[in-house]
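Every number here is computed from the coordinates shown, using simple stated rules; none is lab data. Remember, predicted model here, so these are calculated numbers, not experimental data. Please note: Cβ atoms are built from the backbone with ideal geometry, for glycine as well, and neighbour counts cover all protein chains shown.
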């Protein structure tokens, strides 16, 4: 991950009375690396830093951090987004250039039905507290800082978080139409919002920042993460049932043991990735018109009853109930 974000988090923590040396010791991050604007630091170390801050500030920490956030904290990427012609272009650039900001974890723009689009967060590695914090901070940036950067508040359809409910009233209020214990972490907007003009739109500056960002991206080492490639293979094969290790290894040109070892090195398991893909695809398909039996088939379940059991385990409700709630019924 780029050093800007964790350096800003450490400075924020110090400003509210936390001891920087203690946080650095917990995270394993070096002060010299955080002080270097061109440095890259380990994502797992950033996760550990986030969790050390969360232990001390609780759920209020994410909102307090976002309130002090500035576009410059994303370095060139922040200025590139601000000079985009509209919000749709800004989301596109955010996804395209996100490696400047982070490694391993990913954001993507997902179309939900005919009238909505979601900015969805894919965390790195097995579930941990830092994942919830990263999703909250990203979505809160749109919700809290949106009026300042966009000229008005966004017409948000939903905020969905995998984490359990928070008792922090200020955080709940800031998140707006939030759903806890959701299938995935995503901010859902009406597609009409994508046409919202960015107040800082400037074609000449945007071209300059895009050239600069592309140059920065070209200098980064190639993303060695196997996770995204495995997820893509799972999505392509899921309608035929949960793919086996042998099938995925064959599709990737790897020996099964090599694939298993590489996934373990990234903190992943095949079962965990299949489960994550199924949950996220379920969120997309249930927003559409397909019958529940067809949704079950597309998710690779042996029978609708198996899908219903899995869905209740994920969310505590039935697919019918979830779909009805989405439609406001």
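For the chain, set up a GNM with springs between Cα atoms under 10 Å and report which of 294, 167, 186 has the largest fluctuation.
It is 167.
Kindly give Rg over Rh for segment 1-57, based on alpha-carbon atoms, with the Kirkwood expression for the hydrodynamic radius.
We get a ratio of 0.92 for segment 1-57.
For segment 274-327, what does the alpha-carbon gyration tensor say about shape, rounded, prolate or oblate, given a ≥ b ≥ c as the root eigenvalues, a/c under 1.5 as rounded, and a/b over b/c as prolate?
Rounded, because the longest to shortest axis ratio a/c is under 1.5.
Compute the distribution of all C-alpha to C-alpha distances in segment 4-107, in bins of 5 Å from 0, and list the percent of pairs in each, rounded to whole numbers.
All Cα pairs, binned at 5 Å, distribute as 2, 11, 22, 22, 21, 13, 6, 3, 0 percent.
With angles folded into 0 to 90 degrees, how steeply does helix 129-150 sit against the dominant principal axis of the chain? Use alpha carbons for both and round to 10.
Roughly 60 degrees, rounded to the nearest 10.
Under 10 Å, Cα contacts only: if you run a Gaussian network model on the chain, which one of 243, 190, 147 comes out with the highest mean-square fluctuation?
147
Once every Cα of segment 234-329 carries one equal point scatterer and solvent is ignored, give the base-10 log of I(q)/I(0) from the Debye formula at q = 0.11, 0.19, 0.25 Å⁻¹, two decimals.
Normalising to I(0) and taking log10 leaves -0.37, -0.88, -1.27.
Distance between Cα centroids, segment 65-144 to segment 152-218: provide it in whole Å.
Using only Cα atoms, the two centres lie 6 Å from each other.
Give the angle, between 0 and 90 degrees and rounded to the nearest 10, that separates the Cα long axis of helix 4-15 from the longest principal axis of the Cα atoms of the chain.
70 degrees
Taking only Cα atoms and a 10 Å spring cutoff, compute GNM fluctuations for the chain and point out the largest among 276, 242, 204.
Maximum fluctuation in the GNM of the chain, among the listed residues, is at 204.
Please list the three semi-axes, largest first and in whole Å, of the ellipsoid equivalent to the chain, using sqrt of 5 times the eigenvalues of its alpha carbon gyration tensor.
Values: eigenvalues 196, 122, 90 Å².
Largest first, the chain gives 31, 25, 21 Å.
Starting from the Cα gyration tensor of segment 78-117, take the square roots of the eigenvalues, sort them a ≥ b ≥ c, and report rounded, prolate or oblate (rounded when a/c is under 1.5, otherwise prolate if a/b is larger than b/c, else oblate).
oblate
Sorted from largest to smallest, which semi-axis lengths in Å does the alpha carbon gyration tensor of segment 110-183 give for its equivalent ellipsoid, taking the root of 5 times each eigenvalue?
Semi-axes, largest first: 20, 16, 12 Å.
Order 283-291, 195-203 from most to least packed using the mean count of other Cβ atoms within 10 Å.
Working: 283-291: 16.2, 195-203: 14.2.
Order by mean packing, descending: 283-291, 195-203.
Taking the mean number of other Cβ atoms within 10 Å as a proxy for protection, how do you rank 11-20, 157-166, 205-214 from highest to lowest?
Per-residue Cβ counts within 10 Å, averaged per peptide and sorted highest first, yield 157-166, 205-214, 11-20.
Decide, for segment 160-234, between rounded, prolate and oblate: order the square roots of the alpha carbon gyration tensor eigenvalues as a ≥ b ≥ c, take rounded if a/c falls under 1.5, and otherwise choose prolate if a/b is larger than b/c, else oblate.
Oblate, because a/c is 1.5 or more while a/b does not exceed b/c.
What do you get for the angle between helix 270-286 and the principal long axis of the chain? Use alpha-carbon atoms, 0 to 90 degrees, nearest ten.
Rounded to the nearest ten degrees, it is 90.
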